[in-house]
1. Once you list every other residue whose beta carbon is under 14 Å from the beta carbon of residue 48, what net charge do they have if Lys and Arg are +1 and Asp and Glu are -1?
2. Specify whether the C-alpha gyration tensor of the stretch 63-193 places it in the rounded, prolate or oblate class, a ≥ b ≥ c being the square roots of the eigenvalues: rounded for a/c under 1.5, otherwise prolate if a/b is larger than b/c and oblate if not.
3. Have a look at 92, 22, 141 and tell me which one the Gaussian network model of the chain (Cα, springs below 10 Å) gives the largest fluctuation.
4. Any chance you could look up the accessible area of residue 125 with a 1.4 Å probe, heavy atoms only, rounded to 10 Å²?
5. What fraction of the DSSP beta bridges in the stretch 106-236 is antiparallel, stated in percent and rounded to the nearest 5?
6. For residue 108, enumerate residues with amide H under 5 Å from its amide H, sequence gap 5+ or separate chain, H modeled in the peptide plane.
7. Compute a Gaussian network model of the chain, connecting alpha carbons closer than 10 Å, and tell me which residue from 154, 194, 122 fluctuates the most.
8. Counting only residues 5 or more places away or on other chains, whose amide H sits under 5 Å from the amide H of residue 22 once H atoms are built in the peptide plane?
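The values are calculated or read from the model by the stated rules, or taken from the named source; none is laboratory data. Treat the numbers as computed from the prediction; the structure is a model and nothing was measured. Quick reminder, even Gly has a Cβ in these numbers, built from the backbone with ideal geometry, and neighbours come from all protein chains shown. With ligands, DNA and RNA removed, areas are computed over all heavy atoms of the protein, side chains included. Shrake-Rupley method; radii C 1.70, N 1.55, O 1.52, S 1.80 Å.
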Amino acid sequence: MNQAVPLVEMRGIRKSFGAVQALRGVDLSLHHNEVLGLVGDNAAGKSTLMKILSGDYLPDEGEVFVEGQRAQIRQPEDARRLGIEMVYQDFALVNNLDVAANIFLGREVVRFSLGPIRVMDQRHMAREAERLMERLRIDIASVRQKVETLSGGQRQAVAIGRATAFNAKVIIMDEPTAALSVAAIDKVLDLIQQLKEQGASIIIISHRLEDIYRVGSRVMVMRHGRKVADLPVAGDIHEFRERVVAYMVGARDDFAEVKA
């Protein structure tokens, strides 16, 4: 694995929805063991760019490279095969299923099949889910507990855990701390830091600049479908916030980019 080559590189990505140009030739790079904050006002193009990387949308133009190799990502399954997972803002969990079932949703382990009838290996999935929760230090009473009984912070942790369960290299998180309590936010940010230490690379879409300041390595700023800045997370929180917000609102238009 060549650490000098970006883990993910998106080049010249364009996407329109009818007459609306959502992305206007956007470049993005994500390096190994890095947390990249992706920020911008509503309709800046952040979620559209990440939905292209995760296979939900096809770009009109542009290329995606994973570990230096051009990637064909036409659907979410293609992204998953490349080790790219997305955690959505609504968690995408099934409330009436337990934690273990949600972890393995769509990837169930089958003990044996009789024609169209498949018998799941519930014990194996529960055991693996317990190991995952223990490795990520996610505080849940039991993996047999239904998701509908969990707090918002616990649900977010389970959604993140599911994304990491199958050796994901890249985890995209859409507003991971939105609508969470202060205590839950702290736990989610601690979990993100753990994932980085364990070798994952993470992209966080967020309006909470303080979260990106706490766990991020770099921040990429988008405005009106373009990348307008790519900055290191540096300085004190007030300086960092003022600089990023200036690019977000257009008060600064001198493109700034981290030099490799």
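1. Numbers: positive: 14, 15, 24, 46, 51, 223, 226, 227; negative: 41, 56, 60, 61, 174.
Local net charge: +3.
2. Oblate.
3. Of 92, 22, 141, the Gaussian network model singles out 141 as fluctuating most.
4. Rounded to the nearest 10, that gives 10 Å².
5. Working: 10 of 15 bridges.
Counting DSSP beta bridges with both partners in the stretch 106-236, the antiparallel share is about 65 percent.
6. For residue 108, whose amide H was placed from the backbone, there are no distant partners under 5 Å.
7. Fluctuation is largest for 122.
8. 15, 16, 17
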